[in-house]
1. Those residues that are under 30 Å from Ala282 (Cβ atoms) and assigned to a helix (DSSP H, G or I), I need them from the range 66-80; list them, please.
2. May I ask you to list pairs of residues, at least six apart or on different chains, whose Cβ atoms are under 9 Å apart, with the first in the range 1-21 being closer than 17 Å to Ala200 by Cα and open to solvent by 100 Å² or more (accessible area, probe 1.4 Å) and the second being at pLDDT 95 or above and in a loop (DSSP other than H, G, I, E, B)?
3. Just need a number here: residues in the range 265-280 that are among the hydroxyl-bearing types (Ser, Thr, Tyr), open to solvent by less than 70 Å² (accessible area, probe 1.4 Å) and not in a loop (DSSP other than H, G, I, E, B).
4. Taking Val267 as meeting all but one of (1) more than 25 Å from Ile329 (Cβ to Cβ); (2) without any contact (Cβ under 8 Å) to a residue 60 or more places away in the chain; (3) not polar (S, T, N, Q), write down the number of the exception.
5. Can you pull out every residue in the range 305-315 that is in a helix (DSSP H, G or I) and either more than 8 Å from the ligand (Cβ to nearest atom) or outside the structural domain of Val233 (by TED's automatic domain parsing) (or both)?
6. Which condition number does Val318 fail, the rest of (1) under 25 Å from the mean Cα position of the chain (by Cα); (2) farther than 30 Å from Ile39 by Cβ; (3) hydrophobic (A, V, I, L, M, F, W, C); (4) within 14 Å of the ligand (Cβ to nearest atom) being met?
7. Go through (1) out of contact with any Lys or Arg (no Cβ under 8 Å at 6 or more places or on another chain); (2) without any contact (Cβ under 8 Å) to a residue 60 or more places away in the chain; (3) in a helix (DSSP H, G or I) and name the single condition Gln171 misses.
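The values are calculated or read from the model by the stated rules, or taken from the named source; none is laboratory data. Every value quoted in this text rests on a predicted model; they were computed, and no experiment measured them. Cβ placement follows ideal geometry from the backbone for every residue including glycine, while neighbour counts extend to all protein chains displayed. All accessible areas refer to the heavy atoms of the entire protein, side chains included, with ligands and DNA or RNA removed. Shrake-Rupley method; radii C 1.70, N 1.55, O 1.52, S 1.80 Å.
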Amino acid sequence: MTTAASMPVLDKGLANTIAAESAMSFIDGQNGILEYVGIDIDALARNSTFEEVVYLLWHRKLPTRGELDAFASGIRAEYDLPEVMWDVIKTIPTSAAPMHALRTLVSALALSDPEADDPSPAANERKGVRLLAKAPALIANFDRHRKGRDFIKPDSSLSIASAFLTMLNGQEPTETMAKALDVCLILHADHGFNASTFAALVTISTLSDMYSAVTTAIGTLKGPLHGGANEAVMHMLTEIGQMDRVEPYIREKLDRKERVMGFGHRVYKAYDPRASYLKTFAERLAEDTGNRELYEMSRRIDQIMHEAVAAKGIHPNVDFYSATTYYSIGLDIDLFTPMFVMSRIGGWVGHCIEQLADNKLIRPRCEYIGPHEAAYVPIEGR
Ligand code: ACO
């Protein structure tokens, strides 16, 4: 924040700072509204596809049939990994957490891209397409590697969601499962200047490169106060274990002033519209996959939290019901946050391209609170 006299003021957590302009997503935190380029997230989740949503975010308009076909086939043509990357995957310890592996693998993609340091908008979009296209093969095949399974190459006749699940499980998903993952990818694709997007922008604003920006963002998304919350929610549900333990568990947590993962948001003080959509979606999916109790436990947590803290503006966020959804799709818990990466690459790349079109180095100030005019004491005298 800057006052009229251009004096910076302290704004911890940058909660009241508008750091730049963006035409990608609009969030009304008081009324629980999220739009991508003006289109309500609910309409997109119901009618669109992840590939179409990324086109929308990058080009600020819905594509025609021809534009969408060209965009989607451009992505599919980039699904496969450079030969060296299959060897890189094999070098990663099988005990590594997928988010650490993914951050490393995305960074390694730059090593064999001759355009890695080309800053032109066209090259940056091509790199965005590559990142978006190759993330599914990296995540699925790291998972195969750690489980001692043979690699599976991506099938370029499939959508991103279907190609990923096919590599992961060794068979094509049902239409319901592919649709479920596609909807999750749509809902997570962009969200203003969230922490990981902001981290990507700090990196790209130094005129570094797209791979560095996305690698930075992955490291930032991983934290449990951000994208890592979906895994934390699932661990909490597993720890609770059964319905009659929900109430004492949550009430004790609140009494100890601990955070309940998957609740609260810096911007939303009303129900997160992504959570509203996922709530009904997760219910259907849990029913179909024999995970009804898990959904019921989530609903009960939601009710208890509503009674206890809704007045403080704390509601479920996108991570809360996405945990049940991913579990019902059959994903291992530590693959939940990598799903967020697969989707949010769309947002990160779009924001980086937007930033570079009118770049200014992002470099805030801090308020120094240490001493002044301190004497330098030689080491022998300390
Ligand atoms: N459970 C219980 N109380 C909470 C929660 C929660 N999940 N979240 C916030 N609060 C309380 C805080 O204790 C604080 O109470 P107080 O005023 O009595 O001290 C008040 O609400 C404000 O909390 P802050 O941490 O100041 O709010 P901030 O905007 O900084 O935090 C955050 C937002 C980090 C998301 C927080 O709500 C949280 O930790 N949630 C749990 C983690 C989570 O689900 N993260 C995912 C966010 S969505 C995403 O990144 C995709």
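1. Hits for the range 66-80 are Leu68, Phe71, Ala72, Ile75, Arg76.
2. Here the result reads Glu21/Asp358, each pair linking the range 1-21 to a residue that is at pLDDT 95 or above and in a loop (DSSP other than H, G, I, E, B).
3. 2
4. Only one criterion in (1) more than 25 Å from Ile329 (Cβ to Cβ); (2) without any contact (Cβ under 8 Å) to a residue 60 or more places away in the chain; (3) not polar (S, T, N, Q) is unmet by Val267, namely (2).
5. Selection gives His306, Glu307, Ala308, Ala310, Ala311.
6. (2)
7. (3)
Let's see how each residue does on (1) among the polar types (S, T, N, Q); (2) surrounded by 24 or more Cβ atoms within 10 Å (Cβ to Cβ):
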| site | (1), (2) |
| --- | --- |
| Phe320 | no, yes |
| Thr324 | yes, yes |
| Asp334 | no, no |
| Ser343 | yes, yes |
| Trp348 | no, yes |
| Glu367 | no, no |
| Gly370 | no, no |
